[in-house]
Amino acid sequence: MGTDLSLSFTGLRFENPFLLASAPPTESESNIMRAFDAGWGGVVTKTIGLHPVVDVAGPKTTFLTATPESPHLSIKKRAGTALHSSWNWN
């Protein structure tokens, strides 16, 4: 049997202290359920409603790449680069 990581925070009980932040992994019921199935203790969402959102294109993510030879970041896909970071906005 493993260590009990459960806790209560502001009156809510969590199985563990690991929560997913508000981002694309928490944008739908199916993603949220997958997070719980994978063992996450909770999720943070931006908005939950009874009806689907309309007239919104959805989240946009930009990936920045870099090379060992240059400190400059780029959104262009280039050979020999590695993922440096990503921006996500809704």
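The table that follows gives values for the structure above.
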| quantity | calculated |
| --- | --- |
| Accessible area per residue, Å², the chain with all protein chains present, probe 1.4 Å | 85 |
| Accessible surface ranking that places the most exposed of HIS51, HIS84, HIS72 first, with a 1.4 angstrom probe | HIS51, HIS72, HIS84 |
| Restricting the stretch 1-71 to GluC sites (Glu not before Pro) in coil, as DSSP defines it, with at most 13 other Cβ within 10 Å | GLU69 |
| Partner aspartates and glutamates for LYS77 [C-alpha distance under 19 Å; skip if fewer than 8 residues away on the same chain] | GLU69 |
| Which of LEU19, VAL54, THR65, positive extreme of dipole for the chain (C-beta unit charges) | THR65 |
| Cross-link reach list, aspartates and glutamates versus LYS60, counting only Cα pairs under 20 Å and skipping chain neighbours closer than eight places | GLU27, GLU29 |
| Cα gyration tensor shape for the chain, rounded if a/c is under 1.5, else prolate or oblate | oblate |
| Relative packing of peptides 16-22, 33-39 - highest average C-beta neighbours within 10 Å first | 16-22, 33-39 |
| Carbon plus sulfur fraction of accessible area for the chain, probe 1.4 Å, in percent | 60 |
| Calculated [θ] (222 nm, deg cm²/dmol) that DSSP helices of n ≥ 4 give over the chain, each run adding -39,500 (n - 2.57) | -3000 deg cm²/dmol |
| Three-way shape call for the stretch 4-48 based on the alpha-carbon gyration tensor, with the a/c threshold at 1.5 | oblate |
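The values are calculated or read from the model by the stated rules, or taken from the named source; none is laboratory data. Not measured: the values here are computed from a predicted model. Backbone-built Cβ (ideal geometry, glycine too); neighbour counts: all protein chains shown. Heavy atoms of the whole protein, side chains included, go into the accessibility calculation; ligands, DNA and RNA do not. Shrake-Rupley method; radii C 1.70, N 1.55, O 1.52, S 1.80 Å.
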